[in-house]
Amino acid sequence: MKANALARFLLLVALLLPTHLSSATALPEEALSLGGLKIGSSRAYVESIYGTPDRLESSMYTNIGPNHSDVKVLYYYYGNSFKILIRTDRDSVMDINTTANNGIETPQGLHVSSTTADIERAFGWLPEGLEGNSGEPDYAYSYEGAGSTLIFYTHGDGTIYEVRLMEDPF
């Protein structure tokens with residue numbers, strides 16, 4: 001599980017590197033939240049909104065703490081489709097992810113099952129999509145701002161199947 005989480009995180013960083021280095025327009029801070037949470041929201045705030053997680057796991061992330069130290073990360077699972085990662089060194093949210101149309105959405109009303117047309121209407125523009133390598137036609141559209149990145153993963157038909165808000169790793 002720990003190796004899988006680290007591998008997924010490193011893959012995501014590799015996918016986002018070209019986007020981060022591009023000159024994409026940043027979103028305002030108020031646009032960067034998911035399910036009422038922002039990157040940096042406290043663990044106490046998460047629990048005040050969502051309660052005790054259905055399942056709790058932990059893992060060590062390397063080189064993300066002060067002076068490139070390792071940091072213990074808590075995985076809060078709510079149901080089978082909503083996950084929040086908490087950095088224990090700051091006791092705050094570093095990653096929010098939803099994979100079902102479960103009521104979790106952005107302030108613009110974007111959620112799983114919305115479309116790329118909905119994304120473009122909400123933000124006024126659609127960044128170039130990064131094509132996935134799963135063998136299926138899928139894309140990732142990311143928006144940056146305020147130390148975080150909002151990512152919409154879509155199927156080839158433009159339907160969102162995952163929404164993720166993550167701490168900017170750079």
If Glu162 passes every condition in (1) open to solvent by 30 Å² or more (accessible area, probe 1.4 Å); (2) farther than 22 Å from Gly51 by Cα; (3) of a type outside the set (A, V, I, L, M, F, W, C); (4) modelled with pLDDT of 95 or more but one, which one does it miss? (1)
Just one listed residue, out of Leu126, Leu130, is without any contact (Cβ under 8 Å) to a residue 24 or more places away in the chain and open to solvent by 40 Å² or more (accessible area, probe 1.4 Å), and it is Leu126
Being of a type outside the set (S, T, N, Q) and open to solvent by 40 Å² or more (accessible area, probe 1.4 Å) is the filter; apply it to region 133-154 and report the residue that is nearest to Glu30 (Cα to Cα). Ala146
Restricting attention to region 19-45, which residues are part of a helix (DSSP H, G or I), out of contact with any strand residue (DSSP E or B) (no Cβ under 6 Å at 6 or more places or on another chain) and at pLDDT 95 or above? Ala44, Tyr45
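The values are calculated or read from the model by the stated rules, or taken from the named source; none is laboratory data. Since this is a predicted model, take the numbers as computed values, not measurements. FYI the Cβ positions are ideal-geometry reconstructions off the backbone, even for glycines, and counts take in every protein chain you see. Areas reflect the complete protein model, heavy atoms only, side chains present, ligands, DNA and RNA absent. Shrake-Rupley method; radii C 1.70, N 1.55, O 1.52, S 1.80 Å.
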